[in-house]
1. Of the residues SER139, SER119, SER124, only one is surrounded by fewer than 20 Cβ atoms within 10 Å (Cβ to Cβ), assigned by TED's automatic domain parsing to the domain that holds PRO99 and of a type outside the set (Phe, Trp, Tyr); which?
2. Given (1) within 14 Å of SER124 (Cβ to Cβ); (2) of a type outside the set (Phe, Trp, Tyr); (3) touching a Phe, Trp or Tyr at 6+ places or on another chain (Cβ under 6 Å), identify the lone condition not met by ILE194.
3. Only one of (1) among the charged types (D, E, K, R); (2) more than 20 Å from the chain's Cα centre (by Cα); (3) farther than 16 Å from CYS23 by Cβ fails for GLU129. Which number is that?
4. How many residues are touching a helix residue (DSSP H, G or I) at 6+ places or on another chain (Cβ under 8 Å), at pLDDT 95 or above, buried (at least 16 other Cβ atoms within 10 Å of the Cβ) and part of a helix (DSSP H, G or I) when one looks only at the range 77-106?
5. Can you tell me how many residues within the range 204-236 are out of contact with any strand residue (DSSP E or B) (no Cβ under 7 Å at 6 or more places or on another chain) and either free of Cβ contacts under 8 Å to residues at least 60 places away in the same chain or closer than 19 Å to PRO351 by Cβ (or both)?
6. Out of all the residues in the range 1-18, which are surrounded by fewer than 16 Cβ atoms within 10 Å (Cβ to Cβ) and of a type outside the set (A, V, I, L, M)?
7. Spot the failing condition for TYR189; the list is (1) assigned to a helix (DSSP H, G or I); (2) in contact (Cβ under 8 Å) with a residue 24 or more places away in the chain; (3) crowded, with 17+ Cβ neighbours inside 10 Å, and only one is missed.
8. Out of all the residues in the range 208-226, which are surrounded by 17 or more Cβ atoms within 10 Å (Cβ to Cβ) and in a loop (DSSP other than H, G, I, E, B)?
Amino acid sequence: MINLPPLSLYVHYPWCVKKCPYCDFNSHENLPYEGYVNLLKNDLKDSLAYIQNRKIRSIFFGGGTPSIMPTEELEDLIIFLKNELDFAEGIEITLEANPGTFEIDKFKSFHDVGINRLSIGVQSFNNQELERLGRIHNSEDAKLACNEARKIFDNINIDIMYGLPEQSFEINQSNIETALSYSPDHISYYQLTIEPNTYFHKYPPKLPSNESVFNYGSIGQRIIEGSGLRRYEVSAYGQESRHNLNYWLFGDYIGIGAGAHGKITSTIENKVFRTLKNKSPKDYYKDQSSKLTYIENLTFDFMLNALRLKDGFEIDLFEKRTGIEFNSIEKNIQVAIDKSLLKINNTRVGPTPQGYDFLNDLQEIFL
């Protein structure tokens, strides 16, 4: 029998000042639709049945660039959420922000309306790299944003990418060290990947060699962990993000907004299903209903998430989240162990160092 897991909320704001050439997220450059916050409210009301008497443990405002949302609209939305939902004690409320001067001026207002974790999309502190990435901020903007955020928020994350076009070892190392100089609580350090349906996919930039990229990842990991920020997930270091951790541990989350995804457990049906809202803001404006799809391969879906965690997961968590007995996947587990990709310590299962380096190979064993 599947148990009811913790619940989070994801709010999608699909507009940006400029679409980055590597971005495959549901983001658009055109001006936001008037009344979008009211659509989000209607969306949430339609999703209240998914709550099933649970408290909301985290909220994440993602995009797009939600920091361009007018502060009064954000405050109105948060007040509405507080009235409609039961917030857990110590709830984590994250807002993604770009380090442009327009957003920096609003940081204190974000904090005042209830945001207690700011995630800053720096990507690089090097002006040439930022230009190649199509970012609208420069190095000084990025430094100012990190400095101001550190003064205002008790919990900040800085996003840094590696393997960027024409990137050198020295610049990559400088990016990491600059980020660490602001004493962030969390760093997201991840490789640039060329995704379909992006400008970079159509017009590929000159990237460092695979060997260089691997070295950038390994060296960056050592520098970040050497600063005291422990790696707990493939690209995450430091104070664990409650919201993201809920994803990796196969918790439930309601998704509202254009193109927002959700995952909901039904203990009545003993099934897990995913929800998806209309991706186009124009279509979402007309219809905020969810499209439902039941997850057929719960084992793979669970492993796809939980094996991203460096410390892995408890065996009983697998059984509670999926309703599947662990011994039913004994053959898959043994294959992974024989390939030195997986380890079991008492009741805990997790990737080996080799399994972490070849995570796709490990996850595919359960497909």
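1. On inspection, the qualifying residue turns out to be SER139.
2. It fails just one condition, (1).
3. For GLU129, the exception is condition (3).
4. 3
5. Residues of the range 204-236 out of contact with any strand residue (DSSP E or B) (no Cβ under 7 Å at 6 or more places or on another chain): 204-212, 214-215, 218-219, 222-223, 226-228, 234.
Within this subset, residues satisfying the condition of being either free of Cβ contacts under 8 Å to residues at least 60 places away in the same chain or closer than 19 Å to PRO351 by Cβ (or both) are 204, 206-212, 214-215, 218-219, 222-223, 226-228, 234.
Here the count works out to 18.
6. Those that are surrounded by fewer than 16 Cβ atoms within 10 Å (Cβ to Cβ) and of a type outside the set (A, V, I, L, M): ASN3, LYS18.
7. (1)
8. Listed by number, the list holds a single entry, PRO208.
The values are calculated or read from the model by the stated rules, or taken from the named source; none is laboratory data. Just so it is clear, the model here is predicted, and its values are computed rather than measured. FYI the Cβ positions are ideal-geometry reconstructions off the backbone, even for glycines, and counts take in every protein chain you see.
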